[in-house]
Amino acid sequence: MSLKDKARKLLSEFRGDAYASGIGILSEIGDYAEAYGDSVLIISNDTYLDSAVKEIKKSLKQKKLKLAGNRVFRGSEPNAPREDVYRLANYIQTFEPDSIIVVGGGSTIDALKAANVLASLGHYSPEIDTYFGSGIVTEALEHSRNHLTPTIAVQSASSSGAHLTKYSNVTDPVSGQKKLIVDQAIIPDKSVFDYQLTETMPLKVTVDGAFDGMAHCLEVFYGIDQENYDLEKEIASTAIELIVKNTPKVVNDLEDTEAREALGLATDLGAYSIMVGGTNGGHLTSFSLVDVSSHGRACGIMNIYYTVFFAPAIEDQLKVIGDIFARNGYLEEKIEGLKGRELGEAVARGMINFAKEINFPTKLSELEGFSDQHIERALKAAKDPQLEMKLKNMPIPLDASMVDQYMAPILEAAKTGDLKLIKNIEV
């Protein structure tokens with residue numbers, strides 16, 4: 001079975017009929033929306049997606065569905081700023097649609113998920129901060145006996161897998177800090193990914209998205225429990241190999257539809273990963289870099305260094321990942337006899353070699369605008385009880401009292417590129 005076929009099989013097992021993917025499938029969206037009622041609110045990033053929105057509107061018209069507000073409303077800025085969340089919530093409250101179609105990448109889809117919560121639960125609490133954390137939306141829905149507006153999420157970029165997951169990242173632009181809603185209730189009712197849409201995305205968005213998908217798989221695989229190990233191994237190894245093989249192809253040819261399809265399948269497997277287990281170090285640090293980096297770029301850099309820190313606890317996982325980088329020409333040294341720290345450093349070098357081939361940064365100091373203040377912010381955020389789940393999800397768990405001793409050296413290593421600065425905890 002080819003890697004793509006394996007990916008399709010896994011994704012079918014994951015979401016079944018609630019997920020539609022392929023080439024040229026936007027014409028089916030009217031069928032999905034018709035099941036919820038006559039009025040549809042469309043939220044879309046309009047920079048690159050005019051052709052997609054035209055196809056969607058055509059599909060709705062064929063089903064004689066009405067466009068709420070008689071127009072398409074603008075989506076979110078990068079990293080889902082809270083101002084955009086409140087703006088989108090106002091559209092939902094004003095037009096009271098039977099369903100919502102959201103078209104965009106992870107930021108717009110995340111913002112819409114949070115906006116749907118605010119619009120539906122404003123009487124419970126009108127502040128988005130109320131819902132940060134795990135399971136709070138479900139509790140509020142049960143308490144209020146209300147429901148979210150049915151949502152059809154149309155993904156436009158191979159990246160976060162936001163159209164498939166229970167996560168919504170929201171950013172406070174004033175503090176520069178990102179926080180997270182985690183709840184089964186916010187998973188979109190229908191998910192659609194026409195891989196050809198990704199050809200409208202800039203190269204940087206595509207590459208950063210590939211590293212976002214890889215981060216989901218790496219972090220979950222690193223921290224997976226024994227019960228789900230075999231499943232996550234299959235998900236992560238399939239996705240990461242698709243990314244390693246196909247990202248350079250897209251870099252060399254932006255219109256390589258086959259390679260873009262492979263990246264779409266891979267990053268959707270990343271979404272499957274974060275429904276099987278949780279992310280940890282890379283994601284936690286990325287939340288403090290929103291003003292200087294995309295989410296995928298920050299995670300891509302940080303996972304190089306967390307790989308070395310986690311190494312004593314994840315030797316089996318590192319051999320799987322190392323073999324992928326070796327097979328694809330990014331890791332020359334033999335890893336069979338390596339253990340612990342040495343194994344982690346070898347795999348980290350393979351990750352660095354891959355990143356450099358496609359001109360992706362490997363150090364925080366390469367991010368324009370980065371300063372030591374970002375390290376201070378990241379260390380402070382790691383001690384925030386609302387983000388405690390990320391510390392606990394680590395294969396070598398930390399608590400707030402250990403952050404300065406162990407996470408600070410990881411961040412210094414990521415700033416300079418010096419792996420030797422990282423301090424290990426033996427397991």
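The values are calculated or read from the model by the stated rules, or taken from the named source; none is laboratory data. Note that the structure is predicted; figures quoted are calculated from it, not measured. Every residue, glycine among them, receives a Cβ derived from its backbone with ideal geometry; neighbour counts consider all protein chains shown. Surface areas here come from the heavy atoms of the whole protein model, side chains and all, with no ligands, DNA or RNA. Shrake-Rupley method; radii C 1.70, N 1.55, O 1.52, S 1.80 Å.
For segment 364-377, the set of residues classified as open to solvent by 80 Å² or more (accessible area, probe 1.4 Å) and not in a helix (DSSP H, G or I) consists of Glu368 only. Considering (1) among the acidic types (Asp, Glu); (2) open to solvent by 80 Å² or more (accessible area, probe 1.4 Å); (3) in a helix (DSSP H, G or I), the lone condition that Glu426 does not fulfil carries the number (3). Considered as a group, the residues in segment 226-242 that are open to solvent by 10 Å² or more (accessible area, probe 1.4 Å) and among the charged types (D, E, K, R) include one that is farthest from Ala266 (Cα to Cα), and that residue is Glu227. Scanning segment 188-202 for residues that are buried (at least 20 other Cβ atoms within 10 Å of the Cβ) and over 16 Å from Ser51 (Cα atoms) yields Pro188, Lys190, Ser191.
From the residues in segment 301-332 that are in contact with a Pro (Cβ under 7 Å, 6 or more places away or on another chain) and more than 14 Å from Ala355 (Cα to Cα), which one is surrounded by the most Cβ atoms within 10 Å (Cβ to Cβ)? Even if it seems obvious, please write down each step before you answer.
So in segment 301-332, the residues in contact with a Pro (Cβ under 7 Å, 6 or more places away or on another chain) come out as 301, 310, 313-314.
If we keep only those that are more than 14 Å from Ala355 (Cα to Cα) too, we end up with 310, 313-314.
On the way: Phe310: 28, Ala313: 21, Ile314: 25.
Out of the qualifying residues, it is Phe310.
Can you pull out the residues in segment 13-22 that are surrounded by 13 or more Cβ atoms within 10 Å (Cβ to Cβ) and either under 8 Å from Val192 (Cβ atoms) or not basic (Lys, Arg) (or both)? Of everything in segment 13-22, those that are surrounded by 13 or more Cβ atoms within 10 Å (Cβ to Cβ) and either under 8 Å from Val192 (Cβ atoms) or not basic (Lys, Arg) (or both) turn out to be Phe14, Ala18, Tyr19, Ala20, Ser21, Gly22. Mind checking which residues of segment 180-200 are at pLDDT below 85 and either under 20 Å from Ser286 (Cβ atoms) or among the β-branched types (Val, Ile, Thr) (or both)? Those that are at pLDDT below 85 and either under 20 Å from Ser286 (Cβ atoms) or among the β-branched types (Val, Ile, Thr) (or both): Thr198, Thr200.
Among residues of segment 26-45 being open to solvent by 20 Å² or more (accessible area, probe 1.4 Å) and within 24 Å of Leu265 (Cα to Cα), the one that is modelled with the lowest pLDDT is Asn45.
Determine whether Leu67 is aliphatic (A, V, I, L, M) and surrounded by 21 or more Cβ atoms within 10 Å (Cβ to Cβ). Reasoning before the result, please.
Values: aliphatic (A, V, I, L, M): yes; surrounded by 21 or more Cβ atoms within 10 Å (Cβ to Cβ): no.
In short, no.
With respect to Ile335, is the statement that it is assigned to a helix (DSSP H, G or I) and buried (at least 17 other Cβ atoms within 10 Å of the Cβ) true? So Ile335 does not fit the description; no.
Residues are listed down the side, and each one gets a yes or a no for (1) at pLDDT below 90; (2) of a type in the set (Val, Ile, Thr); (3) within 17 Å of Ile152 (Cβ to Cβ):
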residue	(1), (2), (3)
Ala80	no, no, no
Arg87	no, no, no
Asn90	no, no, no
Thr94	no, yes, no
Ser99	no, no, yes
Val103	no, yes, yes
Lys113	no, no, yes
Leu118	no, no, no
Gly122	yes, no, no
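Of the set (1) part of a helix (DSSP H, G or I); (2) surrounded by fewer than 17 Cβ atoms within 10 Å (Cβ to Cβ); (3) at pLDDT 95 or above, all apply to Lys380 but (3).
Anything in segment 204-217 that is more than 13 Å from Thr267 (Cβ to Cβ) and either open to solvent by less than 10 Å² (accessible area, probe 1.4 Å) or at pLDDT below 90 (or both)? List them, or say none.
So the first thing to find is which residues in segment 204-217 are more than 13 Å from Thr267 (Cβ to Cβ), and the list is 204.
Result: no residue meets the conditions.
If the condition is being open to solvent by 10 Å² or more (accessible area, probe 1.4 Å), in contact with a strand residue (DSSP E or B) (Cβ under 8 Å, 6 or more places away or on another chain) and not in a loop (DSSP other than H, G, I, E, B), then segment 134-150 contributes Ser134, Ile136. The residues in segment 243-295 that are open to solvent by less than 10 Å² (accessible area, probe 1.4 Å), modelled with pLDDT of 90 or more and not in a helix (DSSP H, G or I) can be counted, and the count is 4. Cβ separations smaller than 7 Å between residues 6+ apart or across chains give the following pairs from segment 142-158 residues that are under 16 Å from Leu26 (Cβ atoms) to residues that are of a type in the set (Lys, Arg): Ile152/Lys190.
List the strands (runs of 3 or more DSSP E) that sit entirely inside segment 157-234 and contain at least 2 residues that are farther than 18 Å from Arg15 by Cβ. Break it down into steps so the answer makes sense when it comes.
On the way: elements: 167-172, 177-182, 190-194.
The strands (runs of 3 or more DSSP E) meeting that bar are 167-172, 177-182.
Taking the stated definitions as given, is Ala115 in contact with a Leu (Cβ under 6 Å, 6 or more places away or on another chain), assigned to a helix (DSSP H, G or I), closer than 25 Å to Ala266 by Cα and not polar (S, T, N, Q)? No: the conditions fail for Ala115.
For segment 46-59, which positions are closer than 26 Å to Ala114 by Cβ and either open to solvent by less than 40 Å² (accessible area, probe 1.4 Å) or of a type in the set (A, V, I, L, M) (or both)? Explain how you work it out, then say what you get.
Let us first name the residues in segment 46-59 that are closer than 26 Å to Ala114 by Cβ, namely 46-50, 52-53, 56-57.
Within segment 46-59, Leu49, Ala52, Val53, Ile56 meet the criteria.
Going through (1) of a type in the set (S, T, N, Q); (2) surrounded by fewer than 16 Cβ atoms within 10 Å (Cβ to Cβ); (3) part of a helix (DSSP H, G or I) one by one, Asn359 falls short only on (3). Restricting attention to segment 93-112, and to residues there that are in a helix (DSSP H, G or I) and open to solvent by less than 10 Å² (accessible area, probe 1.4 Å), which single residue is nearest to Thr149 (Cα to Cα)? So, considering only residues that are in a helix (DSSP H, G or I) and open to solvent by less than 10 Å² (accessible area, probe 1.4 Å), the one nearest to Thr149 (Cα to Cα) is Leu112.
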